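Reviewing the structure listed below.
None of the figures in this text is laboratory data; all of them are computed from the coordinates on show. Note that this is a predicted model, so its numbers are computed, not measured. Because the Cβ atoms are built from the backbone with ideal geometry, glycine has one as well, and the counts that use them run over all protein chains shown.
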Amino acid sequence: MQKRIFLSPPWTGAAEREAVDAAFRSGYIAPCGPQVEAFDAALGELSGQHAAAVASGTAALDLLMAEFGVGPDTTVISSTLTFLATVGPAVHRGAKVVFVDSDASTGTISIPLLEKALKAVARPHARPLVIAADIYGQCCDYDAVESLCAEYGATLVVDAAESVGATYKGRAAGLAGAAAVYSFNGNKIVTTSGGGAVLSRDAEIVARARWRAQQARESVPWYEHREVGYNYRMSNLLGALGCAQLERLPEIVKRKRRIFDFYQALFCGDKRPGHQVSPYPCGDFTESTRWLSVFLFPSPAERDAVAERLAAADIETRPVWKPMHLQPVFRRCRRFGGNVAEDFFRRGLCLPSGAGMGPAQLRRISSAVRGEA
Ligand SMILES: Cc1ncc(COP(=O)(O)O)c(C=O)c1O
């Protein structure tokens with residue numbers, strides 16, 4: 001029987017097994033140890049920022065919400081086209097969330113609508129917080145978001161969970177604003193099974209995140225606390241896995257881009273008006289990793305037909321994120337625009353993008369798309 005083709009499975013091998021085994025043999029099975037510190041350093045090098053590895057991207061966001069004092073008096077402005085975790089930690093702290101549509105040509109947060117939102121929420125003594133989400137391996141327009149945040153006195157956090165390895169005008173994903181997060185969840189471009197990181201150009205923000213992630217313990221021999229912390233630090237074993245995965249990142253990106261080229265050749269040949277399939281839009285300021293290959297079909301029915309043919313051949317796909325402003329839990333939240341993200345949700349399809357896929361799996365996918373499977 002043929003094996004199911006998953007959307008974005010991890011790609012690991014002997015190097016990852018050996019790294020975890022070496023950490024195990026060293027005795028550093030306890031949460032902290034040299035491998036997690038080495039992972040912090042490797043992430044610092046990759047991102048061009050200070051970095052602290054933590055249990056998940058969600059935990060990283062939670063630590064930043066604590067850092068920036070997010071609470072019931074805070075308005076958090078977020079991209080609407082993203083995963084729930086972008087705003088989850090802010091919502092848990094009682095913040096008021098406001099959603100901003102995507103831009104039809106860049107696929108990420110709309111700059112004119114972000115400005116409208118910032119203008120609308122401006123209050124004399126309240127500093128809003130903007131969480132700009134990168135998406136599917138590509139960055140949003142950091143310079144434009146950053147200058148709006150500076151103009152309106154907002155703190156900027158970049159949710160770069162999906163853009164690890166991408167670049168924005170040649171700089172690493174997440175290098176903007178006050179701080180950023182990465183995710184190393186099992187479906188991400190590099191994985192530590194579960195994991196994430198807090199990143200910032202400000203060493204003190206990262207040092208405080210690391211301190212809060214380890215119960216905010218003071219450096220005295222007994223347990224002393226001036227603040228209530230969290231148990232969010234990444235474990236040493238997973239730090240070892242992360243170091244080995246980061247070594248593989250350039251090869252993973254190369255393979256993901258080749259997979260994207262394969263889909264482009266498969267879907268984008270028909271140039272007749274009304275029949276065109278197009279890649280999910282991407283700004284020319286960012287070089288996408290193609291973490292996920294995402295395409296927009298001429299209509300929802302055509303998108304669904306392709307998804308159904310692939311599902312019949314045991315091949316996983318997923319619609320583009322359902323925008324946050326359409327989520328029942330956020331039905332009362334304010335939003336600016338929304339039609340562009342809704343259109344992406346209705347016509348967009350995420351296709352299998354595992355870096356470990358070989359020619360046989362790609363042939364299976366093209367046969368299924370053509371209805372030959
Ligand atoms: C945009 C975005 N933000 C945040 C997260 C949360 O990361 P994690 O799953 O590591 O908690 C994810 C992915 O899961 C994500 O895609």
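Over the residues of the chain, the helix contribution to mean residue ellipticity at 222 nm works out to -12000 deg cm²/dmol, using -39500 (n - 2.57) for each DSSP H run of at least 4.
If you build the Cα gyration tensor of the chain and take the root of 5 times each eigenvalue, what three semi-axes come out, in whole angstrom, biggest first? Walk me through the numbers before you get to the answer.
On the way: eigenvalues 228, 159, 51 Å².
Each semi-axis is the square root of five times an eigenvalue, giving 34, 28, 16 Å.
Straight-line cross-link partners of Lys254 among the aspartates and glutamates, defined as a Cα under 17 Å from its Cα and at least 8 positions apart when in the same chain: Glu162, Glu287.
Restricting the count to DSSP beta bridges whose residues both fall in the chain, what percent are antiparallel, rounded to a multiple of 5? Write out the running numbers ahead of the final one.
Details: 26 of 46 bridges.
Counting DSSP beta bridges with both partners in the chain, the antiparallel share is about 55 percent.
Need one number: the % of Cα-Cα pairs in the stretch 1-55 sitting beyond the 13 Å mark.
Working: 1052 of 1485 pairs.
The calculated P(r) of the stretch 1-55 puts 71 percent of pairs beyond 13 Å.
If you count, for each residue, the other Cβ atoms within 10 Å and average over each peptide, how do 31-44, 339-352, 152-165, 265-278 line up from highest to lowest? If you can, show how the numbers build up before the last one.
On the way: 31-44: 19.4, 339-352: 20.9, 152-165: 25.4, 265-278: 11.9.
The densest-packed peptide leads the list: 152-165, 339-352, 31-44, 265-278.
Note on the stretch 222-364: Cα-Cα pairs beyond 21 Å make up 59% of the total pair count. With the convex hull of the Cα atoms taken as the outline of the stretch 47-132, the averaged projected area works out to 6.5 nm².
Long hydrophobic helices in the chain, taken as whole DSSP H segments with a C-alpha length of 24 Å or more on their own axis and mean Kyte-Doolittle hydropathy at least -0.5: 236-267.
Per the Kirkwood formula on distinct C-alpha pairs, the Rh of the stretch 138-247 is how many angstrom? Intermediate results must be reported in sequence, preceding the final value.
On the way: mean 1/r = 0.0645 Å⁻¹.
With all distinct Cα pairs of the stretch 138-247 included, I get 15.5 Å.
Altogether, the Stokes-Einstein calculation at 25 °C and 0.890 mPa s, with the Kirkwood radius of the stretch 228-293 over Cα pairs as Rh, returns a diffusion coefficient of 161 µm²/s.
With a cut-off of 12 Å between beta carbons, the residues surrounding Ala209 carry a summed charge of -1, where Lys and Arg count +1 and Asp and Glu -1.
Between the stretch 90-116 and the stretch 1-60, the alpha-carbon centres lie 31 Å apart.
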